[in-house]
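Throughout, read-outs are computed from the coordinates displayed, never taken from laboratory work. A quick note: this is a predicted structure, and the numbers were derived from the prediction, not measured. Here the Cβ positions follow ideal geometry from the backbone for every residue, glycine too, while neighbour counts run over all protein chains shown.
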Amino acid sequence: MRFALNESLIFIVSLFLFQSSNGSDLISKNCKEASNRDPGIMYDFCVACLEEASSKLHPPPTNLEDLLGILITISKNNATNVLSIISKLSKDKSLDKFALLTLQECSRLYDQSVFFLDQIAGTLKSKVFDYVGMDLSGIGTFARVCNEDLSSKWRGGISPLSKEYQIFDQLIWISHVFFEIITKT
Ligand SMILES: *[C@@H]1O[C@H](CO)[C@@H](O)[C@H](O)[C@H]1NC(C)=O
C-alpha cells in the first residue's frame, strides 16, 4: 500500500515536471489569467503565438518573465517587418502627398517602437522594471496613431497596415498585462 502510494506520487511529480518543461502549461495558465484580467486579450492568439515562438527555444520558458521576454522579441520582429512593408508602400509613385507623409510619420513611430522594445529587452534582463509599463503604453499609442492617421489619409479610408496593426497592438497589449501581473500593478 505504502509502496503504491509512493509510486503514484512519483508519477504525479514527473507528470508535473514533464508538463512544465514544455512550457505549455505555463503559457495557457498565464494567457488565461491575462484574458480574465482584460477582456481585450484574445486567449487563442496569446497561446498560439507564444507556443509557436517557445517551441523554437532551448531551454523553454519557465516563468512569466520569460514569456514577456518572448513577446517583446516577437513584437520587435513584427515592428521591423512593418517598417519594411512601409518602405515598400512608400515606393508607390501614385501615392498622394498626404499619404506619403503619413507613411513617413508611421515609419518614424515604428522606428521609435523598435528602439523602446530594445530598451525593454535590456531592462528585463536586469530585472529593473521601472519604465517598462510606460514604454509599452507609448508603443501602443504610436501604433494606434499611425493606424488612425493612415486610415484618414489613405484612399478608401482603410489603412494598408490595419491587419499588421491589429496583431502588433494585441502583442503589446498582452505584454502590458503580463507586466502588470509580474509587478502586481
Ligand atoms: C507578427 O507576429 C505574429 C505572431 O507571431 C505573426 O503571426 C505575424 O505574421 C507577424 N507579422 C509581421 C508583419 O511580422
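What value, in deg cm²/dmol to 500, does the helix sum -39500 (n - 2.57) over DSSP H runs of n ≥ 4 give at 222 nm once divided by the residues of the chain?
-27500 deg cm²/dmol
Hey, got the Cα dimensions of the chain along the principal axes, in Å, largest first?
Largest to smallest, the principal-axis extents are 81, 32, 30 Å.
Any chance you could run the full-extension gain for LYS97 through GLN112? It's 0.36 nm times the residue separation minus the Cα-Cα distance, nm to one decimal.
3.1 nm
For segment 151-157, take each phi angle, set θ = phi - 60°, evaluate the Karplus expression 6.51 cos²θ - 1.76 cosθ + 1.60, and give the result in whole Hz per residue in order, putting x for glycine and proline.
4, 7, 9, 8, 4, x, x
Please sort 156-166, 86-96, 140-150 by packing, taking for each peptide the average over its residues of neighbouring beta carbons within 10 angstrom, highest first.
The densest-packed peptide leads the list: 140-150, 156-166, 86-96.
Taking a 25 Å limit on the Cα-Cα distance, which of the listed pairs LYS56/LYS125; LYS29/LYS163; LYS93/LYS153; LYS76/LYS163; LYS56/LYS88; LYS127/LYS163 fall beyond it?
LYS29/LYS163; LYS56/LYS88; LYS127/LYS163, as the Cα separations exceed 25 Å there.
Which angle between 0 and 90 degrees, to the nearest 10, do you get for helix 43-54 versus the longest principal axis of the chain when only C-alpha atoms count?
The answer is roughly 80 degrees.
Any idea what the alpha-carbon Rg over 2.2 N^0.38 Å comes to for segment 129-185?
1.33
Looking only at Cβ-Cβ distances, which cysteines of the chain have no other cysteine closer than 4.7 Å?
Lacking a cysteine Cβ partner under 4.7 Å: CYS49.
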